[in-house]
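One structure is given here, and the rest of the page talks about it.
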Amino acid sequence: MSEGSKPLKMVTCPGCDAKTFIPGDLPPLATEPCKKCGHSIMMPMQLRQFELRSKIASGGMGTVYRAWDVTLERLVAVKLMKKELLDDPKALESFYREARACARLNHTNIVHIYTFDEWEGERYLVMELADQGSLDARIEKLHSLQELQVLDIGIKISDALNMALKYDLLHRDIKPGNILFNTDHEPKLVDFGLARKTDAEQDSPDMVWGTPYYVAPEKIKREPETFLSDMYSLGATLYHAITGHVPFDAPTPDEVVIAQVQTPLTPPNLVVPEISQATSDALARALAKNPADRFLSYDEFRMALETARSELLVRQYQTPDQPQQPKRMTSWWRRQ
């Protein structure tokens, strides 16, 4: 290296997987464009045995990075809390809540938590890597997903929420952005930062937690929140994924909130006629304004989705020359 030249560090570009050099004096987490593909390359940062290599996503609480565990030699995700929130007691409690809630849940479709720690003033959460995008990103890219895909996601996430409920936990922020996918394309429920016990004290009357497009009407009306509120939000998420439209839309968030309470739902198969009646009915029931009109349990909701999935598969795989079998009655779960 000639006198006056800058030191270089060799890294792998997350965009094109090419080995390339970046200035060695870049501060940790700083980025520089790849000379081959233009993708941002990040200067790695070391947190104990975790080497943060590239950014996956950013949120209100912090930024999630793809990282390498040098001890166990595996890829993980590290959620690094924003520095400006380190002295905020409410933000810290939310961060701890997410760590504790996920740590006690062992389910294929809930992201696994490995550790929660603090090092040199940084608070971070280490978890299972699910870096193949979110349901929200897939909706944005594809506009809508195939019915079978949506049913599969609904079946798995409803089962995950049922597991959380067995531990007396409500998620309270179900939305497409909180369903991620891993390399096997398994959906993973994330972000338990708003989670609370089912018997916990209700929020103060001037606060409504949730995202306007997916929040349950009873939460807007400051009525008691139960697992049926999460069920509604999951129904709204699946509705968006299968139709390409949120259940209720309006020019402003306040108008969306009013529509959640007052505007009748347009059934999914009236938005997209190709959606089967069984799927449309299941989502419409999960989105009932009155919680008592929804499914009585996640098991019942999941069974309705599984029934719709079975009917769809029979229709897809029935050969043209095979005589059509009489349709089985599938309305056993519907309210009369």
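Things to note:
- Of the residues making up the range 72-106, those that are buried (at least 18 other Cβ atoms within 10 Å of the Cβ) and not in a helix (DSSP H, G or I) are VAL76, ALA77, VAL78, LYS79, LEU80, MET81, LEU105.
Here's the yes/no breakdown for (1) of a type outside the set (A, V, I, L, M, F, W, C); (2) not assigned by TED's automatic domain parsing to the domain that holds ASP117:
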| residue | (1), (2) |
| --- | --- |
| ASP25 | yes, yes |
| PRO28 | yes, yes |
| THR31 | yes, yes |
| SER40 | yes, yes |
| GLU51 | yes, no |
| ALA57 | no, no |
| GLY60 | yes, no |
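- Selection of the range 44-67 for residues being of a type outside the set (A, V, I, L, M) and under 15 Å from LEU85 (Cα atoms) yields SER58, GLY59, GLY60, GLY62, THR63.
- Test: residue in the range 130-145 that is more than 25 Å from ALA282 (Cβ to Cβ), buried (at least 23 other Cβ atoms within 10 Å of the Cβ) and in contact (Cβ under 8 Å) with a residue 40 or more places away in the chain: yes
- Every condition in (1) crowded, with 17+ Cβ neighbours inside 10 Å; (2) in a loop (DSSP other than H, G, I, E, B) is met by ILE157 except one, and the failing one is (2).
- Of all the numbered requirements in (1) at pLDDT below 95; (2) surrounded by 16 or more Cβ atoms within 10 Å (Cβ to Cβ), PRO253 misses one, and that requirement is (2).
- The listed residue being at pLDDT below 95 and under 17 Å from LEU148 (Cα atoms), out of GLN277, GLN336, GLN318, GLN322: GLN318
Conditions tested, residue by residue: (1) surrounded by fewer than 19 Cβ atoms within 10 Å (Cβ to Cβ); (2) closer than 30 Å to LEU92 by Cα; (3) touching a Lys or Arg at 6+ places or on another chain (Cβ under 8 Å); (4) not assigned by TED's automatic domain parsing to the domain that holds TYR298.
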| site | (1), (2), (3), (4) |
| --- | --- |
| ASP184 | yes, no, no, no |
| ASP191 | no, yes, no, no |
| SER229 | no, yes, yes, no |
| GLN260 | no, no, no, no |
| THR266 | yes, no, no, no |
| ILE275 | no, no, no, no |
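The values are calculated or read from the model by the stated rules, or taken from the named source; none is laboratory data. Keep in mind the model is a prediction, meaning the values are calculated, not measured. Because the Cβ atoms are built from the backbone with ideal geometry, glycine has one as well, and the counts that use them run over all protein chains shown.
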